[in-house]
Amino acid sequence: MPNSSPKLLLRIAPALFVAIWSTGWVSARYGADYADPLTFLSARFVLAIGAMLIIVFWSHAEWPQGRGILHAMMSGVLLHAIYLGGVWWAIAKGLPTGVSGLVAAIQPILTAFLAPILLRERIGRLQWAGVFLGFCGIALVLEPKLAVIDPAHLRETFGPLLINMLAMVSVTLGTFYQKRFIPKGDLRTVTALQYTGAFLAITPFAFWLEPMRMEWNLPLVAIMAWSVLALSLGAIGLLLLLIREGAVSRAAALIYLVPPSVAIEAYFAFGETLQLFQLLGLAITVIGVAMATRRTPEAK
């Protein structure tokens, strides 16, 4: 059964992606105590490049040629440098995580609107219903965090909010760019080039905007190791696989499951409250994602 392993990976990839990617919020919260956000990401990208190069040379993976190199680096700028840099910087500058989570939840809606235009993907009625149902579920999950936000404080964080929104647009365009310009090729070498592009893009801003603080200790080493191995290699690899093997709109709908997963992780990690209607919102979100990611004849 030579094809059983790839098929199994594709089946479990969505759940694995959500489970791993959601820990990025927890990592960001822990990491902020020991490092500046852009500096942390710059170091993370360097280590990710090194790890991917080891994998590439050990497996003799084939490198892209010509414009494929530039396309891979550009997708890294959109998916990693601008997106992660914008979100981490905005939160570090005081944007409430609840607001940041709600901004991230707009991505599947924006993707669903753009997919027919940019990629000619057909979005069926069931998918549209799932997209909006998922957003409603996210609103219920994040409502307690949004309710305690001081409007005056939110006005002070207009700049970080704008940066967070631009980051959301960047990752949305990045998924389309990945699907359009990198439809084939070895994902191992593509990922190495993506992090190279991300490092080259974000490092000058780290020098410009931050004192480059990195307090190397055991907690930071653990956070960095998880960020590189689990997030940069594992979760991103799964995301690229999902984008390549399926519709962009269905892959984006999985983002809805990240904030509820973070809420559950924060409950166990930080003792944050998890109310009954938040669990109801989680259930609604899961139903919405199931509808949005289901393959239907009119959406193929």
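A few notes on this one:
- Restricting the search to helices (runs of 4 or more DSSP H) fully inside region 46-164 and requiring at least 2 residues that are at pLDDT below 95 and buried (at least 16 other Cβ atoms within 10 Å of the Cβ) gives 83-92, 97-104, 107-118, 125-147.
For (1) more than 30 Å from Arg120 (Cα to Cα); (2) among the hydroxyl-bearing types (Ser, Thr, Tyr); (3) in contact with a helix residue (DSSP H, G or I) (Cβ under 9 Å, 6 or more places away or on another chain), each residue gets a yes or a no:
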{"residue": "Thr175", "(1), (2), (3)": "no, yes, yes"}
{"residue": "Ile202", "(1), (2), (3)": "yes, no, yes"}
{"residue": "Asn217", "(1), (2), (3)": "yes, no, no"}
{"residue": "Leu220", "(1), (2), (3)": "yes, no, yes"}
{"residue": "Ile243", "(1), (2), (3)": "no, no, yes"}
{"residue": "Ala253", "(1), (2), (3)": "no, no, yes"}
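- Region 178-281 holds helices (runs of 4 or more DSSP H) entirely within its bounds, and those carrying 2 or more residues that are free of Cβ contacts under 8 Å to residues at least 40 places away in the same chain and touching a Leu at 6+ places or on another chain (Cβ under 8 Å) map to 258-270.
- The listed residue being closer than 30 Å to Gly288 by Cβ, aromatic (Phe, Trp, Tyr) and surrounded by fewer than 21 Cβ atoms within 10 Å (Cβ to Cβ), out of Trp208, Trp226, Trp216: Trp226
Conditions tested, residue by residue: (1) farther than 19 Å from Tyr83 by Cα; (2) touching a Pro at 6+ places or on another chain (Cβ under 6 Å); (3) at pLDDT below 95; (4) not hydrophobic (A, V, I, L, M, F, W, C).
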{"site": "Pro183", "(1), (2), (3), (4)": "yes, no, yes, yes"}
{"site": "Ala192", "(1), (2), (3), (4)": "no, no, no, no"}
{"site": "Tyr195", "(1), (2), (3), (4)": "no, no, no, yes"}
{"site": "Gly234", "(1), (2), (3), (4)": "no, no, yes, yes"}
{"site": "Val248", "(1), (2), (3), (4)": "no, no, yes, no"}
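- Sole exception among (1) without any contact (Cβ under 8 Å) to a residue 12 or more places away in the chain; (2) more than 16 Å from the chain's Cα centre (by Cα); (3) on the phi < 0 side of the Ramachandran plot for Met52, by number: (1)
- Annotation: of all residues in region 21-45 being modelled with pLDDT of 90 or more, of a type outside the set (Ser, Thr, Tyr) and over 12 Å from Trp88 (Cα atoms), the one that is surrounded by the most Cβ atoms within 10 Å (Cβ to Cβ) is Phe45.
The values are calculated or read from the model by the stated rules, or taken from the named source; none is laboratory data. It should be emphasised that the depicted structure is a prediction, and the values quoted were computed from it without experimental measurement. Don't worry about glycine lacking a Cβ; one is built from the backbone with ideal geometry, like all the others, and counts go over all protein chains shown.
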